[in-house]
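Notes follow the structure.
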Amino acid sequence: MYDDTLPPTFAVYRKALANVHFTSTELSALRFQFSRPERSTTSQQLAMHLHGNRKIAVTNGIYGRLAGKVAKAVGFKTAGPPRPGNWRAISLGDGSGEHFKWIMRDEFARALIEVGIVDPETDGWDATPPDVDAPDGFAGLEGGPKLRTHLAKERSPLLAKKKKAQAASLACEVCGFDARAVYGIEYCEVHHLTPLSQLTKATKITLDELAIVCANCHRIIHSRHPEPFKLDEVRQMLRNG
């Protein structure tokens, strides 16, 4: 039985996700949280994403059900402080702000990538600004079924793990943000200096070709397509900001 003191490993999550079926709404919720800075979201933010309004109770139910599927699959004990609930199986909790925040567990996020539920380079990120003003009551047609078949670039979770292990610090190489110093949680992301999308075949990647970055800078780096921003370009943005 897993809990906060002994959370599931990446391998446990990966094996469990192969047997978990999420609804389209649940997948949308997961991808939204995955795309957020530090992989975090409040009920209010998720409600606006899913419903375009603040249906907090409905949103909490959706998040609880999807997390409950994972909790059952991995054998996670969901009772305990700071708040009981199925969400504990996939997220950490932060109640220090105005609204309680779910912060996706790093090992769970890695498993979502591995099984193809999310793509860290594209999911949830839209860098295109709106070109028209949306009138009050504006609505769009979404949610219909659509078959997608695609190839995904193979990734090596071990490579990212080795990069983190050998790094002198997990502070962002772009902005210097250190999650451990701010949140007390050791967290970072690993960025490929040469985008995997540019590789046409399996290629040997060394640790020197990877960079330690925070979630915010990682999103900005990949906000430009097809050629992501260079680290120095984002550093210059910060200096100009």
Checklist outcome for this item: Looking across the range 32-63 at residues that are among the hydroxyl-bearing types (Ser, Thr, Tyr) and assigned to a helix (DSSP H, G or I), the single one that is nearest to Ala215 (Cα to Cα) is Ser35
Checklist outcome for this item: Those residues of the range 178-215 that are part of a loop (DSSP other than H, G, I, E, B) and either surrounded by fewer than 20 Cβ atoms within 10 Å (Cβ to Cβ) or of a type in the set (Ser, Thr, Tyr) (or both) come to a total of 16
Next on the checklist: Six or more apart or on different chains, Cβ atoms under 7 Å: show the pairs whose first residue is in the range 148-177 and under 16 Å from Leu193 (Cβ atoms) and in the same structural domain as Lys230 (by TED's automatic domain parsing) and whose second is modelled with pLDDT of 90 or more and of a type in the set (Gly, Ala, Ser).
Outcome noted: Glu173/Ala211
Next on the checklist: Take the conditions in a helix (DSSP H, G or I) and free of Cβ contacts under 8 Å to residues at least 40 places away in the same chain and apply them to Ala29. Does it pass?
Outcome noted: yes
Next on the checklist: For a quick check of your reading of the model, give me the residue pairs whose first member lies in the range 57-77 and is at positive phi, whose second is surrounded by fewer than 15 Cβ atoms within 10 Å (Cβ to Cβ), with beta-carbon atoms closer than 7 Å and at least 6 apart or on different chains.
Outcome noted: Gly75/Met1
Item to check | Neighbours by Cβ (under 7 Å, 6+ apart or cross-chain): first from the range 202-221, outside the structural domain of Lys163 (by TED's automatic domain parsing) and over 14 Å from Ser35 (Cβ atoms); second assigned to a helix (DSSP H, G or I) and β-branched (Val, Ile, Thr) | outcome: none
Next on the checklist: So in the range 216-241, with the set limited to residues that are exposed (fewer than 13 other Cβ atoms within 10 Å of the Cβ) and polar (S, T, N, Q), which one is farthest from the chain's Cα centre (by Cα)?
Outcome noted: Asn240
Item to check | Candidates Leu210, Leu159, Leu170, filtered to the one that is within 20 Å of the chain's Cα centre (by Cα), within 23 Å of Ala109 (Cα to Cα) and at pLDDT below 90 | outcome: Leu159
Next on the checklist: Quick check on Ala152: is it at pLDDT below 90 and part of a loop (DSSP other than H, G, I, E, B)?
Outcome noted: yes
Next on the checklist: I'd like the full set of residues that are touching a Leu at 6+ places or on another chain (Cβ under 9 Å), surrounded by 19 or more Cβ atoms within 10 Å (Cβ to Cβ) and of a type in the set (A, V, I, L, M, F, W, C), limited to the range 1-58.
Outcome noted: Leu17, Ala29, Leu30, Phe34
Next on the checklist: Being of a type in the set (A, V, I, L, M), modelled with pLDDT of 60 or more and closer than 19 Å to Lys15 by Cα is true for just one of Ile103, Ile90. Which residue is that?
Outcome noted: Ile90
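The values are calculated or read from the model by the stated rules, or taken from the named source; none is laboratory data. Since the structure is predicted, the reported quantities are computational estimates derived from the model, not experimental observations. Every residue, glycine among them, receives a Cβ derived from its backbone with ideal geometry; neighbour counts consider all protein chains shown.
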